[in-house]
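Below you'll find the structure, written out as structure tokens, and then a few comments.
The values are calculated or read from the model by the stated rules, or taken from the named source; none is laboratory data. Predicted, not measured: the structure shown is a model, and the values here were computed from it. Note: ideal-geometry Cβ built from the backbone for every residue, glycine included; neighbour counts use all protein chains shown.
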Amino acid sequence: MPKAGPKAEPKAGHRAAVETEDDRLLASAAFSQPLLDWYDQHGRKSLPWQRDPTPYRVWVSEIMLQQTQVATVIGYFDRFMARFASLAELAKAPQDDVLALWSGLGYYARGRNLHAAAQQVMREYGGELPTEREQLESLPGIGRSTAAAILAQAHGAREAILDANVKRVLSRVYAITQWPGQRHVEQRLWRIADHHTPAVRAAHYTQAIMDLGATLCRARQPQCFLCPVQSLCRAHQQGIAAQLPAKKPKTQIERRQRHGFFVLAHCEGQVWLQRRGASGVWGGLWCPPEFDDETRRQDWIDARHGRMVARGCIEHALTHFDFFIHYCVVDIARSEGHGAAVHDDTARWITSADALRLGLPAPIKRLLQEISL
DNA sequence: AAGGCGGGGGG
DNA sequence: CCCCCAGCCTT
């Protein structure tokens, strides 16, 4: 990889021999002011969590927005708020109810952490999210950037954020060609982010820089011709905006495959589901019984005198492997095995319709809907 | 088919 | 402290 990008040229001739990083910082307001002006004209101001931006609502939105685009989050957010209007209601809800509303959103640890954090806030802070960044960061699921976003959006505090949008914008404006995953690069980005965060209109500024990153200064095909800070942007001047931020040096993990063998046991319009263990794929979600191989699955079916009526395979892509979901539909009698555990916290007979109200992995949800036992 | 996306937890 | 990712969506 040609890393020989132009080193920052001293603009004035009489600079010190070793140019410090501070020498290259733009004036704080030279960046924030045009950004705020652009936000006033083009920024998003009526997203669900921007209307009535309480700490609780901002928090939930920020957790959902991790790894997930705004357009996807909106529906989940509205349903979540309809069911859990307050932090107290979230805290007292069963985890299943929380995961049910998270179903399809992915990264289910976010939902579990959100739920656990709500309970922690009830215990330790009397039900009010703390207003100290350090205390926020001690809650599960809240890191430095999410804590800052909550403080800025809900309290108007001057707190710098550094999510992927902001990293991209600042990497370009400052033409930072090193990978932001490197510690010193990330630290520098935090300093730059802090430098440009204004004391007044901090909430608007925070939203503005995220909006810019999401709409114009996006990962692919940045719309520099519309950008309010185009004239400041060193990457644009150098014609390398689209190549920044630098990508992680590829460690080339070979994509693996995994096969899971599932039984959709069917009886009187109901299906047998079990809660998965907390670790591993789809931790804590509900699923039909899964086996590592077809033999073990057949043993399970035979032991219950099941009658196979259909089978198939669907493929589901996860981060580092392709999951082949081999399923079969089996009629079994309710008396064959599970009579006692009709309905408890780890396994139950349930109709497909009711199952959709549990936390289900996306492909399992689709499967149940399509098969509609 | 590949790339984007924060924080926790594991090595 | 790195390093990695057990999930979706978009392009």
Inset, instruction - Looking for whichever is surrounded by fewer than 13 Cβ atoms within 10 Å (Cβ to Cβ) and in contact with a strand residue (DSSP E or B) (Cβ under 9 Å, 6 or more places away or on another chain) here; the options are A:D302, A:D293. Which one fits? - result: A:D293
Legend entry - Residue list for segment A:89-108, restricted to those being surrounded by 15 or more Cβ atoms within 10 Å (Cβ to Cβ) and outside any loop (DSSP other than H, G, I, E, B): A:L90, A:A91, A:Q95, A:D96, A:D97, A:V98, A:L99, A:A100, A:L101, A:W102
Inset, instruction - Identify the residue in segment A:211-232 that is assigned to a helix (DSSP H, G or I) and near DNA strand B (Cβ under 9 Å from one of its atoms) and, among all such residues, is surrounded by the most Cβ atoms within 10 Å (Cβ to Cβ). - result: A:G213
Inset, instruction - Please verify whether segment A:248-265 includes one or more residues that are crowded, with 19+ Cβ neighbours inside 10 Å, in contact (Cβ under 8 Å) with a residue 12 or more places away in the chain, assigned to a loop (DSSP other than H, G, I, E, B) and under 20 Å from the mean Cα position of the chain (by Cα). - result: no
Legend entry - Within segment A:139-181, considering residues that are of a type in the set (S, T, N, Q) and away from DNA strand C (no atom under 16 Å from the Cβ), the one nearest to A:Q69 (Cα to Cα): A:Q153
Inset, instruction - Determine which single condition A:I301 fails, assuming it passes every other condition in (1) more than 28 Å from A:L114 (Cα to Cα); (2) within 16 Å of DNA strand B (Cβ to nearest atom); (3) among the β-branched types (V, I, T). - result: (2)
Legend entry - Exclusive hit being part of a helix (DSSP H, G or I), in contact with a His (Cβ under 9 Å, 6 or more places away or on another chain) and touching a residue at least 12 places away in the same chain (Cβ under 8 Å), set A:R168, A:R172: A:R172
Inset, instruction - Take segment A:178-210 and flag every residue that is at pLDDT 90 or above, in a loop (DSSP other than H, G, I, E, B) and not small (G, A, S). - result: A:T197, A:P198, A:V200, A:R201
Legend entry - Residue count for segment A:1-32, restricted to those that are modelled with pLDDT of 50 or more and closer than 30 Å to A:D211 by Cβ: 12
Inset, instruction - From A:I240, A:I192, grab the single residue that is crowded, with 19+ Cβ neighbours inside 10 Å, over 30 Å from A:D354 (Cα atoms) and in contact (Cβ under 8 Å) with a residue 12 or more places away in the chain. - result: A:I192
Inset, instruction - Could you tell me whether any residue of segment A:165-176 is within 19 Å of the chain's Cα centre (by Cα), within 29 Å of A:R112 (Cα to Cα), at pLDDT 90 or above and surrounded by fewer than 21 Cβ atoms within 10 Å (Cβ to Cβ)? - result: yes
Inset, instruction - Considering only residues that are at pLDDT below 90 and either part of a helix (DSSP H, G or I) or touching a strand residue (DSSP E or B) at 6+ places or on another chain (Cβ under 6 Å) (or both), look in segment A:33-71 and name the one that is farthest from A:A116 (Cα to Cα). - result: A:A71
